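Report on the following structure.
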Amino acid sequence: MLRFVAGAVGVGLMGFGAWLLFGAGTVRDPSDVVVWLAGAVVLHDGVIAPLVIAVGFLLAALPARGALRAGLVVCGALTLIALPPLLRPGAPTNPSALPLDYLRNWLLTLGVVAALTAAALLLPRAARTVSGWPERRRVRRAEKARAAEAEKADAEKT
């Protein structure tokens, strides 16, 4: 039932979007929309999806692939959001519409994401090394193994 309701809401929203696009007179030439949609499909299926799959295969062999994947997903989302102002040719007709240096800010944001991803990868390892956590874990495991052997030996004696 929930799927049916969600599907009906989705179809209704698509119809409303189509009405806004074509019925409200906001599109002068509907073929422009068709070309844009076809370009989006080609770009996704021909470039983005194969690139994501290839990177996923490369990351699958790494031990810390979760943090790397998260960083790459965030960078990809930031890039998609930043593309329209980055690719817009020339200066805007209204200088207050895009008053910032979007290329610089996008690169700074990607740098922050890369730094946070590196911190997520390196800081836990450094903390474990500094605190001696691996050594304490090894000692505890050895003590448990000795205790289990002693218990087994006591059980065999009785």
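The values are calculated or read from the model by the stated rules, or taken from the named source; none is laboratory data. All values derive from a computational prediction rather than experimental measurement. Cβ: placed from backbone, ideal geometry, glycine included. Neighbour counts: every protein chain shown.
For (1) among the basic types (K, R); (2) closer than 30 Å to L116 by Cβ; (3) modelled with pLDDT of 90 or more, each residue gets a yes or a no:
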| position | (1), (2), (3) |
| --- | --- |
| F4 | no, no, yes |
| G17 | no, no, no |
| G23 | no, no, no |
| A61 | no, yes, no |
| G66 | no, yes, no |
| L72 | no, yes, no |
With A38, A6, A54 as the choices, which residue is under 20 Å from the mean Cα position of the chain (by Cα) and either part of a loop (DSSP other than H, G, I, E, B) or within 30 Å of L72 (Cβ to Cβ) (or both)? A54
